[in-house]
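Readers should treat all values here as calculations from the given coordinates under stated rules, not as data from a laboratory. In this text, all values refer to a predicted model and were calculated from it rather than measured experimentally. Because the Cβ atoms are built from the backbone with ideal geometry, glycine has one as well, and the counts that use them run over all protein chains shown.
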Amino acid sequence: MADTGAKVSARIIDGKAVGAALRKGLKARVAALAEAGAAPGLAVILVGDDAASGVYVRNKIHACESVGIRSVTHRLPASTTTAELVALIQRLNADRGVHGVLVQLPLPKHIDMRLVLEAIDADKDVDGFHLYNVGGLVLGDTAYPPCTPFGVVKLLEHEGIKIEGQNVVVVGASNIVGKPMALMLMARDATVAICHAKTRDLAQFTILADILVVAAGRPNLILPQMVKTGAVVIDVGINRLPDGRLVGDVDFEGVSQKASYITPVPGGVGPMTVTMLLENTVTSAERALRNDNKAPKLAT
């Protein structure tokens, strides 16, 4: 459909409200697990004293408490070696009371992040970063989708936004958001293009998008003239300006006059990322309980 230039007042997709609604359902699932003697547990590992990481971990712990998930934080010094971190992960892998293991990123530069992420048991990889889960996205059969792309899909589904047959443009090709986002939307029969820092004339791609997902980490990268009238715009970016304000990658004020739906920053995708971490943890506990029930009982 041609861009007529007509202005649209976009519907704001409230990630806090959607996340709160989903957490009510999670609370009920946690209660059912507790009755079956399988209360879900999440282990969070924080290495070093990065201030932002500390805030993120506190938010995750508070979110766990809000739905009844037991959480334990392991705080390690910045001098921790890769071997020491992997050894802790292996102990948590073997702990039947832990259903999810999360290593807060970024890690200190001397730690081999790939070795660390691969050390996490794929059945406890609630962040969705293990090679098994990432590879599973290609086949459409991953155990735990990465939390941020998973949250975006949930937002689209909650709003009743059609994905099948839509032209989707993902701006940003990271392993955490961009690439898995594209795979998850392809699995739902969207036609997907991925743009990145070396894409020439970004606007020629974004203007074609029925659904535009932006995760580039550059404030005001997407301007109104780059967006098709009536497009759905999902802003995953979070950037702190010199004056302290948090903004996304999209010119919110301008684009919201042209889009049909748009996520704010903050309050859009962010709350959904944490909610999907809880979802994956509860799912892990449910899978563990089913596996326990299938296991043969030893004669007494």
- State log₁₀ I(q)/I(0) for the range 233-300 at q = 0.15, 0.23, 0.26 Å⁻¹ as given by the Debye formula over alpha-carbon point scatterers of equal weight, solvent excluded. -0.64, -0.97, -1.08
- Query: Between their Cα atoms, which of LYS198/LYS228; LYS27/LYS258; LYS60/LYS179 are more than 30 Å away from each other?
  - Reply: LYS27/LYS258
- Message: Could you work out the relative contact order of the range 1-110? I mean the mean sequence separation of Cα pairs under 8 Å and 6+ apart, divided by the number of residues, in percent.
- Response: 33
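Treating only the Cβ of Lys, Arg, Asp and Glu as charged (+1, +1, -1, -1), what charge dipole size does the chain show about its Cα centre? Round to the nearest 20 debye.
On the way: 31 positive and 29 negative charges, 71 e Å.
Using only the charged Cβ atoms, the result is roughly 340 debye.
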- Message: Could you compute Rg(Cα) / (2.2 N^0.38 Å) for the range 164-298, with N its residue count?
- Response: 1.28
- If packing is taken as the mean number of other Cβ atoms within 10 Å per residue, what is the order of 23-36, 138-151, highest first? 138-151, 23-36
- Query: Once all Cα-Cα distances of the range 46-163 are split into 5 Å bins that start at 0, what whole-number percent is in each one?
  - Reply: 2, 10, 17, 21, 22, 15, 8, 3, 2, 0
- For the residue pair VAL72 and LEU246, what label-to-label distance in nm results when each label sits 7 Å from Cα along the Cα-to-beta-carbon direction? 3.0
- Cα-centre dipole for the range 37-121 with unit charges at Cβ (Lys and Arg positive, Asp and Glu negative), debye to 20: 140
- Task: Using per-residue counts of other Cβ atoms within 10 Å, averaged over each peptide, order 156-168, 214-226 from highest down.
- Result: 214-226, 156-168
- Net charge near GLY160: determine it from the other residues with C-beta under 15 Å of the C-beta of GLY160, scoring Lys and Arg +1 and Asp and Glu -1. -1
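Within 13 Å, Cβ to Cβ, of ARG91, how many net charges do the neighbouring residues add up to if Lys/Arg are +1 and Asp/Glu are -1?
-1
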- Message: Tell me the mean residue ellipticity at 222 nm calculated for the chain from its helices only (DSSP H runs of n ≥ 4, each -39500 (n - 2.57), averaged over every residue, nearest 500).
- Response: -12500 deg cm²/dmol
- Query: With N residues in the chain, what two-decimal value do you get for its Cα radius of gyration over 2.2 N^0.38 Å?
  - Reply: 1.05
